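So that we are looking at the same thing, I have put the structure below in structure tokens.
Every number in this text was worked out from the coordinates using simple rules, so none of it is lab data. What you see is a predicted model, and the numbers here were worked out from it, not measured in a lab. Note that we place each Cβ from the backbone using ideal geometry, even for glycine, and neighbour counts take in every protein chain shown.
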């Protein structure tokens with residue numbers, strides 16, 4: 001097995017382990033007794049990317065792709081169900097899910113309509129585009145943190161893991177070479193770095209950011 005194959009195998013293992021990180025978020029919701037204040041966007045939008053890459057994996061018979069994204073799809077389905085359980089207001093979640101299904105249906109129908117010799121490349125392009133579109137969730141979280149003046153609802157463990165994941169997938173896309181994977185993950189890396197930088201400017205209120213160590217100082221009570 002050459003170095004690139006070893007790297008691909010490692011990346012598959014790392015990606016699968018990353019998939020289970022949101023369990024920590026679910027435990028946090030359980031301890032709080034609610035997911036109120038948290039957004040479902042970053043659980044719904046990844047499904048858009050996962051489903052598109054999974055379809056591309058089956059079209060190209062990419063074993064790593066099929067394995068990673070099948071597990072991802074199953075895991076994120078569970079996370080969305082958990083969010084729905086802990087979230088008292090589910091209206092926006094339902095709207096997001098209906099939009100997700102509509103976009104996936106339209107995308108897959110379009111791929112089925114193109115010439116079979118171009119279908120796999122078309123699906124790859126759509127998957128990369130959807131991954132970039134899904135960054136809207138990260139941008140929304142940045143805007144939300146700035147408006148609230150805190151990163152209280154942006155889990156640091158997820159952001160650090162996303163940094164490691166997107167950096168490695170960007171390198172993989174470069175080495176493969178697969179421009180769809182490289183461009184999509186470089187875009188994700190930029191948004192991720194911007195999000196991590198917010199921990200310095202708008203620290204969380206009730207917890208300290210691991211590694212960085214930032215947290216908002218408690219205001220002293222005045223008589």
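Does region 59-100 come out rounded, prolate or oblate by the C-alpha gyration tensor, with a ≥ b ≥ c the root eigenvalues, rounded set by a/c under 1.5 and, if not, prolate when a/b is larger than b/c and oblate if not? Intermediate results must be reported in sequence, preceding the final value.
On the way: a/c = 7.12, a/b = 2.25, b/c = 3.16.
Oblate is the answer for region 59-100, as a/c is 1.5 or above yet b/c matches or exceeds a/b.
Roughly speaking, what is the centre-to-centre gap between region 1-76 and region 77-154 when only Cα atoms are used, to the nearest Å?
13
Give the whole-number value, in cubic angstrom per residue, of the convex hull volume spanned by the C-alpha atoms of region 3-201. Mind dumping the intermediate values first?
Numbers: hull volume 22.1 nm³, N = 199.
Once divided by residue count, the hull of region 3-201 is 111 Å³.
Round to the nearest 0.05 the FRET efficiency obtained for residue 100 and residue 211 when R0 = 35 Å and r is the Cβ-Cβ distance.
Details: r = 33 Å, r/R0 = 0.95.
The calculated FRET efficiency here is 0.60.
What is the extension gain from residue 17 to residue 67, computed as 0.36 nm multiplied by their sequence separation minus the C-alpha to C-alpha distance, in nm to one decimal? Provide the component values of the computation, followed by the final result.
Working: separation 50, 0.36 × 50 = 18.00 nm, distance 1.24 nm.
Result for the pair: 16.8 nm of gain on full extension.
So, one more: Before rounding to the nearest 500, sum -39500 (n - 2.57) across all DSSP H runs of length at least 4 in the chain and divide by the residue total; then give [θ] at 222 nm in deg cm²/dmol. Intermediate values should be presented prior to the final figure.
Values: 9 runs with 170 residues, N = 223.
After summing the helix terms and dividing by the residues of the chain, the value is -26000 deg cm²/dmol.
Quickly work out the residue 164-to-residue 84 label distance, labels modelled 7 Å from Cα along the C-beta direction, and quote it in nm with one decimal.
About 3.2 nm, to one decimal.
Can you give the extra length, in nm with one decimal, that the chain gains between residue 30 and residue 108 once fully stretched, where that is 0.36 nm per residue apart less the Cα-Cα distance? The partial results should precede the final answer.
Working: separation 78, 0.36 × 78 = 28.08 nm, distance 3.65 nm.
Separation in residues times 0.36 nm, less the Cα-Cα distance, equals 24.4 nm.
Any idea how far apart residue 8 and residue 118 come out in nm if each label point goes 7 Å out from Cα toward Cβ?
The two pseudo-label positions are separated by 2.7 nm.
A further question on this structure: Given an 8 Å cut-off on Cα distances and at least 6 residues of separation, report the relative contact order of the chain as a percent. Could the numbers behind the result be given before it?
On the way: 223 pairs, mean separation 47.0, N = 223.
Computed value for the chain: 21 percent relative contact order.
If you fit an axis through the alpha-carbon atoms of helix 156-175 and take the longest principal axis of the Cα set of the chain, what angle between them do you get, 0 to 90°, nearest 10?
20
Could you calculate the contour length gain from residue 194 to residue 91, that is, 0.36 nm times the residue separation minus the distance between their Cα atoms, to one decimal place in nm? It would help to have the intermediate numbers written out before the result.
Working: separation 103, 0.36 × 103 = 37.08 nm, distance 2.92 nm.
The residue 194-residue 91 span can extend by a further 34.2 nm.
Using only Cα atoms and rounding to the nearest 10 degrees, what angle (0 to 90) does helix 179-201 make with the longest principal axis of the chain?
0
Once label points are set 7 Å from the Cα along Cα→Cβ at both residue 218 and residue 147, what is their separation, rounded to one decimal in nm?
Simple spin-label model gives 3.0 nm for this pair.
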